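Engineer: One structure follows; several queries about it will come next.
Every number here is computed from the coordinates shown, using simple stated rules; none is lab data. All of these numbers come straight from a predicted model, not from anything done at the bench. Heads up, the Cβs are rebuilt from the backbone with ideal geometry, glycines too, and the neighbour counts pull from every protein chain shown.
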């Protein structure tokens, strides 16, 4: 996907000045409430006409204020999924899904009804009415309706914000499938670090109407200074791993990363399955020597690349573990006491609590297939 945004827009006292480019399959717009995320997606969709700027999707110019181009909303071929499913209560699921077809000329229809239903796992719901569906099911129907309109881009404005944790866990795998198996690029609005770490292939960080950073998710996630004080506890490294085997005697699974082997609680996955592992900086401690006499099963040798500017009592130590970049958040006192400096060889010890289910997720496929 090629998405180019360069816009300026004023709404009352709020001024948005956003410029970024993304080619990710699932691009997350991340930031706190009021940072400008929804204004951007509304401008892409045509719900807001920016005061100045240019928006291009896959080479097609949707907005260019200097050239007086503003493609009408109904001609942009943009799908939009809101926080609530906004399904028609008097129609069943099949009828709600097919409603999306009405906005696409017959000769331009490419999306397969059966394929979309299969992708989202909603075949058993087709005869039901929205009132009988859970929040997660409603959102899957809303996504399906948008996909069946054959959009060139799918916008999702915090689609999980109104769901509780069990319902979020229910819908995450379908969003991963949409990212990897769907043929439509996605822009996802979110203010959850865990959510973007799990789903996004690229991230645009916004604060008070400005873009403060953009790039691949693994690059953004390891810079704690991009997040608020509360969000920093979830920041850290993203590591691509594969299942190497299972230890049935101890109910454990062995993972293989570039930095070395990792042992985690048993996963119901076949050998070779690809996983994205989020290693939070707060869950890593450093040792100058190979660890001995510890209960921790996971320790990776590495070399200190840099030590970020201290933030209060803490500092982030960036490590290169055979190509895997890890971040450990230590007290400034520990950094000084251990004599940590760039180039020093150390061992990263990963706490067992780091491997709770939310940090071991399906890795984005490299080819989108």
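Engineer: For the chain, count the residues as N, evaluate 2.2 N^0.38 Å, and divide the Cα radius of gyration by that value, please. Working shown, then result.
Structural biologist: Working: Rg = 22.4 Å, N = 369, 2.2 N^0.38 = 20.8 Å.
In units of the 2.2 N^0.38 Å rule of thumb, it is 1.08.
Engineer: Give me the percent relative contact order of segment 237-362, please, defined on Cα pairs under 8 angstrom at least 6 residues apart.
Structural biologist: Values: 281 pairs, mean separation 36.4, N = 126.
Relative contact order comes out at 29 percent.
Engineer: Further question: Give me the percent relative contact order of segment 3-221, please, defined on Cα pairs under 8 angstrom at least 6 residues apart. Show your work: numbers first, answer last.
Structural biologist: Working: 420 pairs, mean separation 68.0, N = 219.
Rounded, it is 31 percent for segment 3-221.
Engineer: Consider all pairwise Cα distances in segment 3-221 and report the whole-number % of them above 30 Å.
Structural biologist: Details: 5078 of 23871 pairs.
Every Cα pair in segment 3-221 considered, those over 30 Å come to 21 percent.
Engineer: Relative contact order for segment 79-144 using alpha-carbon pairs under 8 Å, separation at least 6, rounded to a whole percent? Numbers along the way, then the final one.
Structural biologist: Numbers: 49 pairs, mean separation 37.0, N = 66.
About 56 percent, as a whole number.
Engineer: By average Cβ neighbour count within 10 Å, what is the ranking of 110-116, 41-47 from highest down?
Structural biologist: Values: 110-116: 14.0, 41-47: 19.7.
By packing density, highest mean first, the sequence is 41-47, 110-116.
Engineer: Right, another one. What Kirkwood Rh does segment 62-163 have if only Cα atoms enter the pairwise 1/r average? Answer in Å. Working shown, then result.
Structural biologist: On the way: mean 1/r = 0.0697 Å⁻¹.
Taking the inverse mean of 1/r over all distinct Cα pairs, segment 62-163 comes out at 14.3 Å.
Engineer: Can you tell me the alpha carbon radius of gyration of segment 143-201 divided by the globular rule-of-thumb value 2.2 N^0.38 Å?
Structural biologist: Details: Rg = 11.2 Å, N = 59, 2.2 N^0.38 = 10.4 Å.
Output field value: 1.09.
Engineer: What would the Debye equation give as log₁₀ I(q)/I(0) for segment 237-362 at q = 0.12, 0.13, 0.14 Å⁻¹, counting only Cα atoms as equal point scatterers?
Structural biologist: Log10 of I(q)/I(0), two decimals: -0.45, -0.52, -0.60.
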